[in-house]
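The block underneath contains the structure these notes are about, expressed in structure tokens.
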Amino acid sequence: MKKTTILSIILIFSLFSNITADQKSPDFTLRNLDGGKFKLYEQLETNPVLIDFWATWCKPCIRALPHLNRIYDLYSEKGLNVYAISVDNPKSRSKVKPFVKSKGYKFSVLLDSDQSVRKLFGGTSIPLTLLIDQSGEIVYRHLGYVAGDENKLIEEIEKLLNVDEDAKPDTTTEESKE
């Protein structure tokens, strides 16, 4: 009986503590890989923001990052800011910069070693992907990654950026052609 009550309380708390799509994003400040500061609401003054929480030890995250890079290639010139936020702890954080460099990723990487920013968004696990419009509203939220998840994200990005049917980039990948 006690276990059921405790589990019920935890479930109810988690339902009310998670930030979902159609909610206002909290503002936050993080450091990038070079030590510079990133402040979310300053970025939203110019363009919408896509953020993805990940870690070097997370296999689904590692599978999702090439798609994040492709999204950066396709939509950064159309006005989308893309940030991958590493939640690697201080012990594994030293692997982040060499990993990103070895893969040739072009998006910006931020560091959330204590996972405080991820927790602001109600994240309980990773990868966690959020698309935030210029007014600070979370217009898309997705937890986890399986091949094909990027298609819904691309659809939401194109809606947010008002990409014309004629101006849509080719989003097919080698994986989707197979």
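Coordinate-derived values only; no laboratory data. Note that this is a predicted model, so its numbers are computed, not measured. Here the Cβ is made from the backbone with ideal geometry for all residues, glycine too, and neighbour counts use every protein chain on show.
Protection proxy ranking for 121-129, 49-57, using the average of other Cβ atoms within 10 Å per residue and placing the highest first: 49-57, 121-129.
Taken one residue at a time, the phi angles of region 155-161 give Karplus couplings (6.51, -1.76, 1.60, θ = phi - 60°) of 4, 5, 4, 5, 5, 5, 8 Hz. Gly and Pro are set to x. Backbone phi angles across region 34-51, fed through the Karplus curve with coefficients 6.51, -1.76 and 1.60 (θ = phi - 60°), yield HN-Hα couplings of 9, x, x, 8, 10, 10, 3, 5, 5, 5, 5, 5, 10, 8, x, 10, 10, 10 Hz in residue order; Gly and Pro are listed as x. Taking amide H as placed 1.01 Å from N in the peptide plane, L128 has its amide H under 5 Å from the amide H of F53, G144, each at least 5 places away in sequence or on another chain.
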